[in-house]
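Colleague: I am attaching a structure below and will ask some questions about it afterwards.
The values are calculated or read from the model by the stated rules, or taken from the named source; none is laboratory data. Computed from a prediction, not measured in an experiment: that's the story for all the values here. Ideal geometry is used to build each Cβ from the backbone, glycine not excepted, and the neighbour counts take in all protein chains shown.
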Amino acid sequence: MEFSLDNLVRENIKKMTAYSSARHEYSGTASIFLDANENSFGSPLTENYNRYPDPLQLKLKEKISRIKGVPFQNIFLGNGSDEAIDLLFRIFCQPGKDNVIIFPPTYGMYEVCAEMNDIAVKKAPLTSDFQLDLATIEGTIDANTKLIFVCSPNNPTGNSINRNDIEVLLNNFDGLVIVDEAYINYAKQKTLIPELTEYPNLVILQTLSKAWGLAGLRLGMAFAGQPIIDYLNKVKYPYNINTATQQLAIEALGNISSVNNWTKTTVEQKDWLKEELLELTFVETVYPSDANFILVRMKDAKKIYSYLSAKGIIVRDRSSVILCENSLRITIGTPEENKQLIEALKNYTG
């Protein structure tokens, strides 16, 4: 099936003129900046904070480019992955007309962003083993379906989605397939980033909030063909990533060894936690996970959630989510936190 990006983009987005600063338009080397109405004397913090940040985050993108093995022209940086998700709706979906497909149970912001943008959401629930139901998906797609969101590893179930099934979507859908890889650092399954050259309709979302430990910076990444990245840069707010975030992210990206060690420990702790949980009489299932959390089905999950909350231990109750009845989602903590969790659960009497 031949993919045409031009057919997907909203006409008003094609015609709009993106905001452009004088520094964005200037290609030489300057030493005096009198163009942006900044405070030329400095700031109460550090000298460079009186200047607006690089709108295209080029130094940070060059660092990410080397780590991810993808040209910086194929990288978009957002205020969390949620910004990229929202912009994809704005660029490719006509409010009140188009629709997108999600696979519940899945990450809740896809539906929230769709509702904010007046885009219909069509749902093709995962199978009982949390995989794509390709037959149902095929029957759900219509002429106005523009985006399909695949979360892999999936939140809240933790499992990776079968890679061959994702490629079936990429090969047979003439809209965009967005693969959210927020938890890819913990997964045995490899990232789809190398497939960007093969699939012009592929968008990959990743984040520095999970394995990289930078949730407080709110820095998300989107990887795609340059035409899609160009549209994301056209529509985003001019200075969407502040200077402090750019500087701190560059510093953090130089410490890959710590991230690798944390990831290894997290996986080891996940295995330990699973074994301990399965020893508890009220735990029925600990689902396989490629993420830094596990989904646990248990008797009286809501009561156990309340019990843990009273002890100052906060987990996520997913009992009201389709296919996750009586289940809690538990993030893998430090070894000491995990031990305290298990000790509390061992003392639970119902």
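Colleague: Looking at 88, 58, 45, 132, can you tell me which residue is in the same structural domain as residue 217 (by TED's automatic domain parsing) and over 20 Å from the mean Cα position of the chain (by Cα)? I'd like the intermediate steps shown before the answer.
Modeller: Numbers: 88 fails: over 20 Å from the mean Cα position of the chain (by Cα); 45 fails: in the same structural domain as residue 217 (by TED's automatic domain parsing); 132 fails: over 20 Å from the mean Cα position of the chain (by Cα).
Selected residue: 58, the only one of 88, 58, 45, 132 that is in the same structural domain as residue 217 (by TED's automatic domain parsing) and over 20 Å from the mean Cα position of the chain (by Cα).
Colleague: Using the structure shown, decide if residue 290 is under 21 Å from residue 213 (Cα atoms) and in contact (Cβ under 8 Å) with a residue 24 or more places away in the chain.
Modeller: Details: under 21 Å from residue 213 (Cα atoms): yes; in contact (Cβ under 8 Å) with a residue 24 or more places away in the chain: yes.
When the stated conditions are applied, residue 290 passes them.
Colleague: I would also like to ask the following. Going residue by residue through the range 163-170, is there one that turns out to be in contact with a strand residue (DSSP E or B) (Cβ under 8 Å, 6 or more places away or on another chain), of a type in the set (Lys, Arg) and farther than 21 Å from residue 229 by Cβ? Full working, then the answer.
Modeller: Taking the range 163-170 as the starting set, the residues that turn out to be in contact with a strand residue (DSSP E or B) (Cβ under 8 Å, 6 or more places away or on another chain) are 166, 169-170.
Retained after the next criterion (residues that are of a type in the set (Lys, Arg)): none.
Checked the range 163-170: no residue is in contact with a strand residue (DSSP E or B) (Cβ under 8 Å, 6 or more places away or on another chain), of a type in the set (Lys, Arg) and farther than 21 Å from residue 229 by Cβ.
Colleague: Return the residue satisfying two criteria in turn: it lies in the range 216-230 and is surrounded by fewer than 15 Cβ atoms within 10 Å (Cβ to Cβ) and in contact (Cβ under 8 Å) with a residue 40 or more places away in the chain, and of such residues it is nearest to residue 10 (Cα to Cα).
Modeller: Result: 227.
Colleague: Of the residues 233, 201, which single one is modelled with pLDDT of 95 or more and either over 18 Å from residue 65 (Cβ atoms) or not assigned by TED's automatic domain parsing to the domain that holds residue 161 (or both)? Before you say what the answer is, go through the steps one by one.
Modeller: Numbers: 233 fails: either over 18 Å from residue 65 (Cβ atoms) or not assigned by TED's automatic domain parsing to the domain that holds residue 161 (or both).
Result: 201 is the single residue among 233, 201 that is modelled with pLDDT of 95 or more and either over 18 Å from residue 65 (Cβ atoms) or not assigned by TED's automatic domain parsing to the domain that holds residue 161 (or both).
Colleague: So, in the range 44-65, how many residues would count as being over 23 Å from residue 237 (Cα atoms) and surrounded by 11 or more Cβ atoms within 10 Å (Cβ to Cβ)? Step through it out loud before you land on a result.
Modeller: Of all residues in the range 44-65, those over 23 Å from residue 237 (Cα atoms) come to 44-47.
Adding the requirement that they be surrounded by 11 or more Cβ atoms within 10 Å (Cβ to Cβ) leaves 46.
Residues flagged as over 23 Å from residue 237 (Cα atoms) and surrounded by 11 or more Cβ atoms within 10 Å (Cβ to Cβ) within the range 44-65 amount to 1.
Colleague: May I ask you to say which residue of 39, 99, 7 is touching a strand residue (DSSP E or B) at 6+ places or on another chain (Cβ under 8 Å) and at pLDDT 90 or above? Full working, then the answer.
Modeller: Details: 39 fails: touching a strand residue (DSSP E or B) at 6+ places or on another chain (Cβ under 8 Å); 7 fails: touching a strand residue (DSSP E or B) at 6+ places or on another chain (Cβ under 8 Å).
None of the others qualify; the one that does is 99.
Colleague: Residues of the range 335-350 being over 14 Å from residue 315 (Cα atoms) and either among the aliphatic types (A, V, I, L, M) or without any contact (Cβ under 8 Å) to a residue 40 or more places away in the chain (or both), which ones?
Modeller: So the first thing to find is which residues in the range 335-350 are over 14 Å from residue 315 (Cα atoms), and the list is 335-336, 339, 343, 346-350.
Result: 336, 339, 343, 347, 349.
Colleague: Scan the range 51-75 for residues that are polar (S, T, N, Q), touching a Leu at 6+ places or on another chain (Cβ under 8 Å) and closer than 20 Å to residue 23 by Cβ and jot them down. Steps first, please.
Modeller: Here is the first cut: in the range 51-75, the ones polar (S, T, N, Q) are 57, 65, 73-74.
Filter once more, so that each one left must be touching a Leu at 6+ places or on another chain (Cβ under 8 Å): 57, 74.
Once the filter is applied, which keeps residues that are polar (S, T, N, Q), touching a Leu at 6+ places or on another chain (Cβ under 8 Å) and closer than 20 Å to residue 23 by Cβ, the range 51-75 yields only 57.
Colleague: For residue 101, state whether it is in the same structural domain as residue 191 (by TED's automatic domain parsing) and either without any contact (Cβ under 8 Å) to a residue 60 or more places away in the chain or of a type in the set (A, V, I, L, M) (or both). Before you say what the answer is, go through the steps one by one.
Modeller: Numbers: in the same structural domain as residue 191 (by TED's automatic domain parsing): yes; either without any contact (Cβ under 8 Å) to a residue 60 or more places away in the chain or of a type in the set (A, V, I, L, M) (or both): yes.
So residue 101 fits the description; yes.
Colleague: Of the residues that sit in the range 164-190 and are free of Cβ contacts under 8 Å to residues at least 40 places away in the same chain and in a loop (DSSP other than H, G, I, E, B), which one is surrounded by the most Cβ atoms within 10 Å (Cβ to Cβ)? Explain how you work it out, then say what you get.
Modeller: Step one: list which residues in the range 164-190 are free of Cβ contacts under 8 Å to residues at least 40 places away in the same chain, which gives 164-170, 177, 179, 181, 184, 190.
Within this subset, residues satisfying the condition of being in a loop (DSSP other than H, G, I, E, B) are 181, 190.
Numbers: 181: 25, 190: 12.
Of everything passing the filter in the range 164-190, 181 is surrounded by the most Cβ atoms within 10 Å (Cβ to Cβ).
Colleague: Let me ask something else about it. So residue 203 clears everything in (1) in contact (Cβ under 8 Å) with a residue 60 or more places away in the chain; (2) more than 12 Å from the chain's Cα centre (by Cα); (3) closer than 19 Å to residue 73 by Cβ except one condition, right? Which one?
Modeller: It fails just one condition, (2).
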